[in-house]
Amino acid sequence: MAAIVAVVAVSGAVVWAVWRSPQRINLATFGAFAVAVIVPAGGLVVYLTRVRQAGDTGRGRPLDEVADSLAVMVTEQWTRAALERRLLQPEPIPVHWERSSRPLAGPVSAAVESRQFPPLPGLSPALRRQLRGGRLQDLHAVYGGLGSGRLVIIGEPGSGKTGAAVLLVLAALEHRQQVSLQDRQLVPVPVMFTLHGWDPSTQRVGDWLAARLQETYSLFAGKGGKAEAAELVKAGRVAAFLDGLDEIAEDLRPVALRALSQQAVVRVVVLARSFEMAVAARQGFLEGAAALELRTVDAAAAADYLTRVQLDPPPRGWTELTGRLRREPGSPIAKALSNPLTLTLVRDTYRSGDDIRELLDFCDAVGDVSGEDIQDQLLDRVLPAAYTPPPGEPPPRYGLDEARRTLGCIAARMGQEGTRDLPWWRLPAWASAAPRVIVTGAVFGVMFALGARNLVFGLVAGAVFACFYLTGDRGKPPARIAPLQRRHLLSRYALAVGLVYALTAGVVCAVFGHAIRLGAGQIVALATGVGIGAGLAGVLTAGLSRSAADDANPLTPRVSWRRDQGFGLAVGLLLGLGLSLGVGLGIGLAYAFGLGSTHTAGHVKGLVLVFVWLLVFGLVFGLLFPRTWTASLTFAQFAMRWHTPVRLLRFLDDARERDVLRTVGPIYQFRHARLQDRLAQQATPNELRRDVPIP
């Protein structure tokens, strides 16, 4: 109905303008043209509205198909993450678990005797004896056979909780793939999210899970995708692995556990540090859960692991290290190497040519050395090992000092935000928007000034345009292009976007025409033509963005950046072509109704320049697409304040290749949470004060 009113209003305004112009004699001809446009447009809008109302609950895809598509995306996502974390190769560290003796959950009987969830196809009900303890490989049988469907996995910092969860997710996905097609619908798709950003006091569990599905996986973009995500959660077709309970506000942790107890209709696995979970459980615990605790790695197993991942015969000092672990299982070095974090640090930061006796000498030199001191010593080796090339290799693109400064600043700001995730499209929130508005306004101001041949008008229009251009929610994930489909073009969303483009372009064209002193009739004709062309570009743009939701390939940060740039260029090209088509249509309307003149008709060169300007404007618009353009300007702001690389994304990707960072889909994370905390501690405090805005 709104679209019909808008079409009638615009057409009526044009009729009124022609009536007031000297060319009133052509009103009948234009009126016939307007009716010819309004009638089919109104009929199309009514038809599409009925179609939309008939199938607005989703896209019509079977829920089994949606779940299978989600499983493919999750498998690719966490397989890549497992490879980056080196959980698959070399052989995983032998971590064991046992039922926790801490007061974290209810009695075991509440977990094993519950009938809320039947065992997954191919698995037996979990028994009491299975909860006594086991290896990481045994977790899947407990997860899939537990009647309550609720697990709590705790451990000390660096004990490998997230790694254990990743391996459990992959085991659950493999099991789902192996069962028959008939039983597959009974096996939920495991999805893992961090709890950061969830306020359980204002958002229900199901709504939050559906929102995270839509935010993380492009499969669920749009209103139809939102409905599908909600239906998957409601039907129990996903299993929620929730990491980072200890990273949300302390007063919200028991609230979150109580909300999960009362509202969750899916299988739930909660990961947290031991102390934080114990404190939260005093005020609210996950009812029906089985609480499992990851054990420390004993000294003999640690020595065997370090022997397996080194050359044979081992490098200098390694025999002494492994021998000491076996002889002195209670020594500080043995206690420090009793968790996966420090074991992987030793494995990765001491290369074949390094003498690990340096670490042993550090332990012997410090009288009362603690496991945390040894961890800090190993963490301090991460950046030198990553940015010091082996003999014969070229130097790295970024020096050690630059890497330490940049990563320290980023780690400190992430700590201030209370997050472990680093999505590049949210970095502009760290810096003032004023410089970006000024630069963007200057670029568009030059474009408008060249078109209007009026510097003052161009700068004012550019400033206003930049303010609107850079406002709105920029926290959404990057866009990407996919083949257009009719159902995306003929949707209420696409028509609404097209209408906004048409009205905006028509108003801007009217102001622009007045600035260059066109006649009233010429302004109306050009505004009408440009509005039609811009509306067509808007519909195509909306179709591209909606089609992107069907791309089931998970993205890396670098690929998401490039696809967002490609999407912006496509939008700009469509806009430029649409505006050029609209100007041609407007000029045609002007002469069809006698609003032009022979003098203006002879300026073919001027028309060519107008078309070229519109195409260039469209390309500039695409290059200045909000996400990548705003992020690029933000990186320049960081470089001015922190002296970080201007091409920050390339630096982050280089750090990922050097195993300092890792990725979860398009999001960067530090390799270890302790590494992020250590680098944040070493950052320069004066540069990171919250009360000093970044220019």
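Which of Ile410, Ile438, Ile93 has the fewest other C-beta atoms within 10 Å, and how do the rest follow up to the most? It would help to have the intermediate numbers written out before the result.
Numbers: Ile410 27, Ile438 14, Ile93 21.
Listing Ile410, Ile438, Ile93 from fewest to most nearby Cβ atoms yields Ile438, Ile93, Ile410.
So which aspartates and glutamates pass the test for Lys226, namely a Cα distance under 19 Å, with those fewer than 8 places away in the same chain ruled out?
Counting by Cα, and skipping residues close in sequence, Lys226 has these aspartates and glutamates nearby: Asp56, Asp64, Glu65, Asp68, Asp207, Glu215, Asp473, Asp550, Asp551.
Mind sorting Asp677, Asp207, Asp243 by how few other Cβ atoms lie within 10 Å of their own Cβ, fewest first? Walk me through the numbers on the way to the answer.
Values: Asp677 16, Asp207 13, Asp243 21.
Ascending Cβ contact count within 10 Å gives the list Asp207, Asp677, Asp243.
Within 10 Å of each residue's Cβ, count the other Cβ atoms and sort Cys363, Cys467, Cys409, Cys509 from fewest upward. Provide the component values of the computation, followed by the final result.
Working: Cys363 16, Cys467 13, Cys409 22, Cys509 25.
By the 10 Å Cβ count, ascending, the order reads Cys467, Cys363, Cys409, Cys509.
Please list, in chain and number order, the residues 5+ apart from Ala290 or on another chain whose amide H is under 5 Å from its amide H, with Hs placed from the backbone.
Placed amide hydrogens put Arg150, Leu151, Val152 under 5 Å from Ala290.
Each reported figure results from applying straightforward, stated rules to the coordinates on display, with no laboratory input. No experiment lies behind these values; they were computed from the predicted model shown. Cβ coordinates were reconstructed from backbone atoms using ideal geometry, including for glycine residues, and neighbour counts include every protein chain displayed.
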